[in-house]
Structures are given as structure tokens and as C-alpha cells.
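Notes follow once the structure below has been shown.
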Amino acid sequence: MKVGISQEILKEAITKGAIAALSEDAQGDTSTMRRIVQSVKITADKHITIESSTSMLSVKYTIPASEDKGVVVKETGSILVPAKELLQWVDLQSKESNISITLQKFEKPEIINTLDEGNGETEDSPGFVLKKIGTVKLVSKTATKSNKKWELDCYDPSELSDIIFNQKSEKCFDIEGSQLPEAIASVSFAAQKKDYEHVLDSISIQNHKNSIYFVTTDQLRVALYMVPKNTISDIQSTKSLLVPSVLLDQAAKIIDKEKKVTFSYSEELEKVSICQDNLKIRIVSTEKEHIKKFPSIMFLVDKEYNDLAEISKKVMGDLLANAALVNGSSATLTFNKENGTLTITATSEDNKYKPSVGQAPVSKVSKDAELSQGVIHILEGLKVLKTDDIKVKLATNQKSIKILGKDNDYFSYFCQAVTDEKLRKLKEVAE
């Protein structure tokens, strides 16, 4: 294989196509297959295709070979090289440089026994033998004839199995690319950090009354984002998806925000495909028997919440920040209709601090109410809201509140009343 390509195009291609190999999951791999999962496969023919894959995430990014666009294929072929090292070297080169990638094959492949690398596995383990087929020569040149050279080991490209995207998949919907990172950023903070069943650390994507919602919960709060209807099209499935938040976030970082994204789901393979014209991403889904454990949003969307008050986001944030100095887990929110005020009182659980009391005027207080709520939880929700003023709504049973922007209903945040039992759960989650 021999390719000439501009630094900017190559850097973008590796950043996207090698994201699986560059992921924390891959870079932390200690198995006999770690050299493969930490490597990127580059194939040159009529296109340049960059691929990487782990058991959790697979990516394929393709760019056309065109001299006018700074991509020239002088000799077809494939290479498999360490992704992190390749990207680091490419990143160091000048944006104006042109990079040549040339494979120099060995006459005979070199056999590497990965068991010799101290991982303690036995020869019965699959994949303990790896073939090194040659050396990849990298040369960076600029118009001023400055050049830099480097070499990387090249492994047998067939070691990275071909991924068939959309295999046995059912199309779900199309979404504008700009909406995917927006939806994820709006809800990911409310998911648990880790859940062994990958239910509460995942983002649920649900179809309710032909609207698409992204939602997360840690059982004490729910962050809900309704994708604007004019950014969704071709809805073909009502099935709910459940995808680990960290993986969906990785996908959102490499999509083209100017192009639509197609979501598909294979129930048989338990995989979600996220595809654009030249970018294919396949993400492992939560096991199908666990997807039903995530609550349906119909109980929230259709639940009656009555207007309680309107308040400046900054004012409420300042009150909560002061309360958090004393007790970040819980505080009492007292709405006074007659005085038009909100008072937030926080008491130290171990009596280490004196109680904190903050009060501020609010508008349109509909009734007197005294609520026990998680301070840090509300503060985290306020950071997502983009409007200066917010509305607070109260459930008819007064056991939860709903917070949303005064002029923007796409994001809604639900917080349950904090009881002693819920405080205990909150501490367990935090730990």
C-alpha cells in the first residue's frame, strides 16, 4: 500500500475512524488481543477507509481518493497499525504538510506470541498468536521541503474482522446531526456513572406519540429531552433503544453535524447502528431483556404537573449554591404565596455547620408549598437549562417537581422529594 494524503484530511479521518481503538475501553485492554483493538485499519483502493473495533464499539469512516482533494492512492492495500501512536505523530505535523504512507512487507510474516508479554494467559486462549507483516513508513513533507520520517509496526489487517453495519437491523428514524450532541448533553448528566446491567448508566431513546425523546435517570431524578419535530424524519419504529451513555457520547463527537443521522437497531445482535453517508458506527446496546427495566416516559410526559412558581435561574442557583455549602444532599424549599418568596433552608447532617437560610422573591407563586429536594441534583439540572428564567411545576401528590425553561419546553427535569431512604440511595450512588 502506498498513499499520499494531506495532514488535515488524515488527522480528521483517524480521529473519526480510529475512535474505537482510541477509546478508554481499548487503551485499557490487557488481553492477548490488545494490539488489535488498539490498532486502526486503513484500506486504500478507490477510497481510503479507516476502521477500528472493540466488543463495545465499531467505526468505519470512508473518504474518496481524489488528487484534487489531497488524497492519492499510488498502490492499493491495507495496513493495521497502532492508532494512538499514529494519531500522535500525524497531529505533530504541519497542517500544510503532505503525508505519504507506505507499507514495506516482510518476505515472511513475523509471528508474535502475545503470551510472552506477561498477561498470564495460557496457550489455550484464542488469538494469542499475532502476525507482523511489515513496517509502515511515514513521511511528512511541506512546500519548504522540510520533512519528517517515522515507522510503525504493521500487523496482519485480516486480524480486524470486517464489520457489517445495519446487519439484520430495523431502521428507527433519521435525526439532524446537530441534534444528537444537543440531546446527549442535555440528559447524560442525570445517568448513573456505572450500572452493571447498563440500564441506569444508559440513555433511553423512546418514541411517545410519534415524538422522539432522549432520557436518563438515576432513580431519584429524570432528565428528558424532546427532539424538535422538525429535526426528526422517517420514523419507522416505535421500539425503545437503550445505549450506554459513554458510547453514545463518543459517537456524537465524530458525526457530521451538518448531515442527517440514521438510527437502526438489531434486536438479534443487540446492536445500535448510527450511520451517515461516509461514517458507520455500531454500538453495543443494553441486553434486550434489560431494556424493559428502564421506565416508560409516558408516566412523566402524561403526568399532571401544576404551575408552582417562576424564578430567575441565576437567583435560584445562588440560593442552592449557598445551601450546598451546608448540605449538598437535601434542603427544604419553601414557597410562600402571600409574600411571593422562595426560602431554601439547609441543615448539616452531622451538625458540623450552622443552618443555611436563603430567601429571594419569585413570581407567580400559585400556592404555599414545602418541599425536600436534593440540592446538587437541582443545581446540575439548572446548568443544562439555557433560558434566564425557569418554571417550577409541582406534581399533584407533591412528591416531585418539574423544572423547565420559561421559553423552551424541549428539556424537562424531574426531581423526586428526598426522604431518608432516598438520601441513603443518593449516598450509595455518589460513592
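Assorted remarks:
- Assigned charges on the beta-carbon of Lys, Arg, Asp, Glu; the range 2-159 dipole about Cα centre (debye): 840
- If only the Cβ of Lys and Arg carry +1 and only the Cβ of Asp and Glu carry -1, the dipole of the range 73-119 around its Cα centre is close to 200 debye.
- Where N is the number of residues in the range 347-424, Cα Rg divided by 2.2 N^0.38 Å: 1.21
- Selected from S312, S264, S202 as most flexible by GNM, with the chain as the system and alpha-carbon contacts under 10 Å: S312
- K257 versus N210: modelled label distance in nm, points set 7 Å from Cα along the beta carbon direction: 3.0
- Highest-MSF residue in the chain out of D153, D302, D407 [GNM, Cα springs under 10 Å]: D302
- Label-point separation in nm, D350 to T142, each point 7 Å along Cα→Cβ: 5.7
- Calculated FRET efficiency, Q27 to E197, Cβ-Cβ distance, R0 = 30 Å: about 0.75 to the nearest 0.05.
- Fully extending the segment from K337 to D162, taken as 0.36 nm per residue of separation minus the present Cα-Cα distance, adds 56.5 nm.
- Options V246, S273, T286, ranked by Cα towards positive dipole end of the range 181-310, top entry (Cβ charges): S273
- Separation of the alpha carbons by more than 24 angstrom is noted, of K95/K131; K314/K393; K84/K280; K168/K229; K194/K354, for K95/K131; K168/K229; K194/K354.
- Options [x] 23, 56, 20, 1; [y] 23, 43, 27, 7, 0; [z] 28, 60, 11, 0 - which one matches P(r) over Cα pairs in 20 Å bins from 0, in percent as calculated here: [y]
- For the range 313-390, the square roots of the Cα gyration tensor eigenvalues, ordered a ≥ b ≥ c, give a/c of at least 1.5 with a/b no greater than b/c, which places it in the oblate category.
- When the chain is treated as a Gaussian network with alpha carbon springs shorter than 10 Å, the biggest mean-square fluctuation among N278, N397, N408 belongs to N397.
- Cα-projected label distance for E110 with S66, points at 7 Å along beta-carbon direction, nm: 3.9
- Theoretical gain in end-to-end length, E304 to E151 [0.36 nm per residue, Cα-Cα removed]: 48.7 nm
- Across the options A331, N98, A223, the greatest Cα extent toward the positive end of the charge dipole of the chain (unit charges at beta carbon of Lys, Arg, Asp, Glu) belongs to N98.
- Centre separation in Å (Cα based) which lies between the range 34-113 and the range 370-403: 49
- When the pairs K257/K402; K253/K303; K69/K148; K41/K105; K253/K391 are compared against a 26 Å limit on Cα-Cα distance, K257/K402; K253/K303; K253/K391 fall above it.
- Gyration tensor (alpha-carbon) shape descriptor, the range 170-301, a/c threshold 1.5: rounded
- Distribution of pairwise C-alpha distances over the range 2-159, 5 Å bins, in %: 2, 10, 18, 22, 20, 14, 8, 4, 2, 1, 0
- In the chain, the DSSP-assigned H stretches of four residues or longer account for a calculated mean residue ellipticity at 222 nm of -5500 deg cm²/dmol, using -39500 (n - 2.57) per stretch and the full residue count as denominator.
- Rounded to the nearest 20, the Cβ-based charge dipole of the chain about its Cα centre (Lys and Arg +1, Asp and Glu -1) stands at 920 debye.
Read the figures in this text as sums done on the coordinates, not as results from a lab. In this text, all values refer to a predicted model and were calculated from it rather than measured experimentally. Cβ sites come from the backbone with ideal geometry, for glycine too, and all protein chains shown count toward neighbours.
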